[in-house]
1. If ARG265 passes every condition in (1) over 40 Å from the mean Cα position of the chain (by Cα); (2) farther than 27 Å from GLU213 by Cβ but one, which one does it miss?
2. For region 755-773, enumerate the residues that are in a strand (DSSP E or B) and open to solvent by 40 Å² or more (accessible area, probe 1.4 Å).
3. What number of residues in region 686-703 are under 45 Å from the mean Cα position of the chain (by Cα) and open to solvent by less than 10 Å² (accessible area, probe 1.4 Å)?
4. Would it be correct to say that SER460 is of a type in the set (Ser, Thr, Tyr), under 23 Å from ALA366 (Cβ atoms) and open to solvent by less than 20 Å² (accessible area, probe 1.4 Å)?
5. What residue, among those in region 472-486 that are outside any helix (DSSP H, G or I) and in contact with a helix residue (DSSP H, G or I) (Cβ under 6 Å, 6 or more places away or on another chain), is surrounded by the most Cβ atoms within 10 Å (Cβ to Cβ)?
6. So, SER683, is that one within 15 Å of ALA757 (Cβ to Cβ) and open to solvent by less than 30 Å² (accessible area, probe 1.4 Å) or not?
7. Please go through region 752-772 and pick out each residue that is more than 15 Å from THR701 (Cα to Cα) and of a type in the set (Val, Ile, Thr).
8. Check ALA77, ALA115 and return the single one that is open to solvent by less than 50 Å² (accessible area, probe 1.4 Å) and out of contact with any strand residue (DSSP E or B) (no Cβ under 7 Å at 6 or more places or on another chain).
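The values are calculated or read from the model by the stated rules, or taken from the named source; none is laboratory data. Treat the numbers as computed from the prediction; the structure is a model and nothing was measured. Note that each Cβ is placed from the backbone with ideal geometry, even for glycine, and that neighbours are counted across all protein chains shown. Protein only, heavy atoms only, side chains kept; ligands, DNA and RNA dropped before computing areas. Shrake-Rupley method; radii C 1.70, N 1.55, O 1.52, S 1.80 Å.
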Amino acid sequence: MELAETLPLLPLSSGVVLPGMVLTLALETDEARAAAEAAGSAGGLLLLVPHVEGRYAKVGVVAEVLEEGQLPGGPPAISVRGIQRAAIGAAVPSTGQALWVQVEPVDPLPASAAAIELAREYRAVLENVLIARGANRTADRLRAINEPEQIADVSGYSSDLSLTQKVEVLETTDLEARLRLVLGWARESLADLTLRERIKTDVEEGMEKTQREFLLRRQLEAIRKELGQLEGAPEDGSPEGYRERLAAKELPEGVRTAVNRELDRLERTNEQSPEGGWIRTWLDTVLDLPWGVQSEDRLDVEAAAKILDEDHDGLADVKERILEHLAVRKLQSERGLAPVGRSGGAILALVGPPGVGKTSLGESVARALGRRFVRVALGGVRDEAEIRGHRRTYVGALPGRIVRALVEAGTENPVIVLDEVDKLGSDYRGDPSSALLEVLDPAQNHTFRDHYLEVELDLSKVLFLATANVADTIPGPLLDRMEVIRLDGYTEEEKVAIGRHHLLRRQLERAALRPDELVLSDEALQRVVADYTREAGVRSFERELGRLARKVATKLASGTITAPIEVEADDVRTYLGRPRVFFEAAERTAVPGVATGLAVTGAGGDVLFVEATSMEGPEGLTITGQLGDVMRESAEIALSYVRSHAEELGVAPDAFSGRRFHLHVPAGAVPKDGPSAGITMASALVSLLTGRPVRASVGMTGEVTLQGRVLPIGGVRQKVLAAHRAGLSTVILPERNGPDLEDVPESVREAMELRVAKDLREVLAVALEPVEASHVEVIAAA
């Protein structure tokens with residue numbers, strides 16, 4: 001049929017007509033009725049254009065009016081058949097009410113091989129959709145359509161496509177693109193139908209299975225009732241099976257009574273009741289506990305000491321305490337004595353910075369004692385039920401971590417590491433640290449009751465090792481129940497030994513290198529420790545060794561070098577790049593008003609610098625660096641002491657008039673607190689006011705009073721090791737901390753000058769540079 005250049009436009013607001021479709025359209029608006037009347041003058045043709053979301057589609061369909069009539073009890077209507085797509089042009093003037101537009105027919109191109117294949121696949125998918133919905137006759141009629149254009153436009157009849165999707169099909173004039181579009185939607189519809197059918201089938205089968213099982217169980221109960229007993233072995237989960245397991249266990253009398261009571265309840269419980277599952281879970285948990293099962297301790301003290309030394313270098317205090325425990329157990333065994341006061345186990349707390357081997361030490365202790373090892377991670381735990389378990393009234397209740405650790409270990413006397421006990425939290429669900437009080441109390445833990453089990457459990461034979469980075473965040477009552485052993489970090493010599501004996505070997509294995517392919521000298525290991533790490537532990541050290549091993553492995557794999565590779569101190573930079581650690585004390589303290597202090601953080605000991613300056617302005621003191629209240633008070637005390645002893649310290653009396661002082665501790669993003677920076681702040685102020693710089697090699701720590709007395713502080717070993725790592729050669733400590741220097745490794749004591757002072761004047765005499773000739777007159781300000 002030859003098309004006219006202009007046709008009347010009939011907008012469609014609730015449907016889309018594609019070529020080949022025959023539909024009846026109700027003429028409900030004046031515009032629609034005018035367009036239908038105008039079709040007579042256009043040879044019975046109309047342009048049907050969807051009008052969606054306030055816009056006309058770019059492409060319409062030229063349709064032939066087949067019949068005009070009246071809907072029963074409704075508006076007039078016409079029957080139309082879509083002929084072909086046409087692009088909409090500009091509107092043209094007309095005398096009637098109808099809108100006439102120019103049309104440009106879109107002639108279909110011959111179908112490509114890909115389009116023919118897509119049409120076949122689309123037709124097959126549509127047939128499956130129709131069959132799944134029971135429309136078999138429609139599927140038969142679909143098989144009679146062979147033209148790809150017609151197959152693609154069949155989508156106009158689909159109820160699965162929205163109006164927007166049908167408009168997109170109309171506007172897609174390329175046949176292959178149109179087929180891909182409708183094929184994707186048809187696949188989604190088929191997948192949805194398939195899923196619904198599968199769910200329906202599963203539900204029906206599940207109902208049939210449940211009914212069948214119910215009937216079979218009722219028949220089985222009737223058979224058991226007639227026979228009086230069940231022939232053959234009891235089923236798992238049956239009361240008879242649990243009774244057999246109970247008979248094979250050596251349970252305390254109270255526990256046995258509780259198990260029998262639950263078994264009686266199980267026998268009275270209907271098979272369909274969920275309570276039966278809860279009772280079985282409780283019985284499984286109780287019977288899985290290692291009642292009466294213990295590992296035999298290895299009582300050879302020398303062999304245990306050898307194992308501990310093989311696994312860890314240093315850590316003498318911990319090893320000594322473990323060997324003491326083992327020696328006592330050995331004497332008790334040889335002399336036939338029972339542990340006094342139920343003290344068969346031990347409760348130790350290993351406190352120290354990250355990377356010193358606290359957690360791995362627990363595994364080594366278990367191997368030395370011949371016991372099982374279990375680790376319980378407590379970092380971030382905020383729910384008391386994680387320790388004591390949930391009460392059985394809650395759905396999905398479980399025992400606490402202590403009970404689960406015993407089940408995992410399979411013995412009553414394992415080594416349990418309570419990792420990161422200092423990072424326990426608390427909220428509305430309870431306080432886990434309070435729940436640990438009973439677990440870690442030797443006088444109570446032999447009758448520990450888990451909320452889920454509600455039977456007494458003996459934990460007195462367990463060796464508990466708690467680990468923490470700092471003891472300050474552990475609640476006092478909990479800390480009081482543990483024997484605290486502090487691990488304050490390693491010296492450079494100890495780190496080199498650890499790297500030689502443990503870390504390097506492990507990193508060579510991870511890099512797929514043999515021990516003879518990469519050899520590092522002790523000087524190279526020391527260079528890695530000194531120039532690339534500054535830490536109390538050895539984690540960063542191990543990472544750097546791993547990086548070096550991977551560099552060597554890469555060169556070996558590429559054929560750049562050949563084994564063996566020997567790395568000396570000067571070769572380290574070739575593999576690891578520029579050094580990452582610098583000794584900045586000399587540069588920072590080169591000007592008056594800067595002093596080097598020592599502190600203890602969660603990562604171990606560290607050095608910090610205190611800077612002081614003054615300026616004209618209202619008298620007073622500004623303190624920055626995110627300091628806590630105690631540290632702020634130390635700054636006020638230091639300034640008050642310097643002002644009250646100005647003449648004695650060589651400071652001009654008018655040095656404070658009209659001047660404001662500012663104390664700053666760098667690394668402002670890190671919170672800091674504590675009294676041990678008192679003498680450091682006082683030294684920085686005196687240095688500023690006298691113009692005498694603080695010696696670059698001196699670090700100091702101590703609390704100061706208004707009378708200038710230097711009071712003792714904690715963490716001496718960690719602070720001295722930090723000063724040694726930072727390259728300082730002299731450390732000033734309070735006189736009352738003198739005995740604590742015995743805890744410092746001998747190699748560090750020999751390498752450093754450790755001075756003690758009881759008065760701030762003694763500190764200043766050591767810390768400040770001597771008065772030069774150019775500074776005979778006292779300066780008023782820096």
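1. Of everything listed in (1) over 40 Å from the mean Cα position of the chain (by Cα); (2) farther than 27 Å from GLU213 by Cβ, ARG265 misses just condition (2).
2. Passing the criteria: ARG755, VAL756.
3. Going through region 686-703 one residue at a time, the tally reaches 6.
4. Taking the combined requirement at face value, the residue satisfies it.
5. Of all residues in region 472-486, those outside any helix (DSSP H, G or I) come to 472-475, 481-486.
Then drop every residue that is not in contact with a helix residue (DSSP H, G or I) (Cβ under 6 Å, 6 or more places away or on another chain), which leaves 473-475, 485.
Working: THR473: 14, ILE474: 22, PRO475: 16, ILE485: 19.
Result: ILE474.
6. So SER683 passes the test.
7. VAL771
8. Values: ALA77 fails: out of contact with any strand residue (DSSP E or B) (no Cβ under 7 Å at 6 or more places or on another chain).
Exactly one residue qualifies, and that residue is ALA115.
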